[in-house]
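Trainee: Below is a structure I'd like to ask you about.
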Amino acid sequence: MQKLSATNSRYAINKAMKNAFLLFAQKDYQRAFSEFEKILALNPQNKEAKIGLLLSDSALELPEHAMHIFDYYQILLAKTTKQKAIAQVLEILESLDKATFFLSSMFKDAEQNKMEEMEGILYEDFLRALQKRENFKEAFEDLMFSTRIIFTNKQEFYSFLRQLLENDFIDIGLEYIENLRDVYYDAELDKLLKKALKKC
């Protein structure tokens, strides 16, 4: 009987989890937050519910950023184990405040005003930020979920792709390439695609 009760409890939590993530996907962030909160009250160690709670909380103030992370979580779930996906996204969410602080302190002058008007940062500004960090990987991880990078020409984009591949951001590089292939494709992009596929 005790075993049946535990099974029923898992079923109820799984059902509640699906409903909570559905509410999040429908952008009903407050209700989603409440549902994830209830799940954690029943099972405080549930890491997936913690992801949902943190995403919902973030979405109440920064909905676009939270949706970026949610979309990335879905990509990870399709490409790796659930355990690895959960661990990686939890790390991102728990460091989100740090990344946001990095952004706000990096752009305080006229360049920041330009970034805000364009709802992103220019690639040349990203390169400036890179000079203040130890390496590309550190700079990109700090920026990728806090803003978007704006390219003014294809050479900037190709330069960015090469750095992604050289620093083992293969999945993200492939996603950029696949999105661009729908509207534009040339020999350089084909070369970068082949390089990415060799690293998979």
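Every read-out reported here was derived from the displayed coordinates using simple, explicitly stated rules and does not represent laboratory data. It should be emphasised that the depicted structure is a prediction, and the values quoted were computed from it without experimental measurement. No Cβ is skipped: glycine too gets one built from the backbone with ideal geometry, and neighbour counts run over all protein chains shown.
Trainee: Between K194 and K137, what FRET efficiency comes out of the Förster formula 1/(1 + (r/R0)^6) with R0 = 22 Å and r the beta carbon distance, rounded to 0.05?
Mentor: Efficiency, from the Cβ-Cβ distance: 0.45.
Trainee: In addition: Greater than 32 Å separation of Cα atoms is the criterion. Which listed pairs, K27/K47; K84/K132; K27/K195; K82/K199; K132/K191, meet it?
Mentor: From the list (K27/K47; K84/K132; K27/K195; K82/K199; K132/K191), the Cα-Cα distance tops 32 Å for K27/K195.
Trainee: Each residue of the stretch 20-31 in turn: what ³J(HN,Hα) in whole Hz from Karplus with 6.51, -1.76, 1.60 and θ = phi - 60°, glycine and Pro shown as x?
Mentor: 5, 5, 5, 4, 5, 4, 7, 6, 8, 5, 5, 5
Trainee: While we're here: Figure the gain on full extension for N43 and A16 (residue separation times 0.36 nm, minus the Cα-Cα span) and round it to one decimal in nm.
Mentor: 8.5 nm
Trainee: Between L77 and S9, what length comes free when the chain is fully extended (0.36 nm per residue of separation minus the Cα-Cα distance, one decimal in nm)?
Mentor: Value of the extension gain: 22.1 nm.
Trainee: Something else about it: Just to be sure I understand the model, the point goes 7 Å from the Cα along the line to the Cβ. What's the resulting E61 to A87 distance in nm?
Mentor: So the two model labels end up 2.9 nm from each other.
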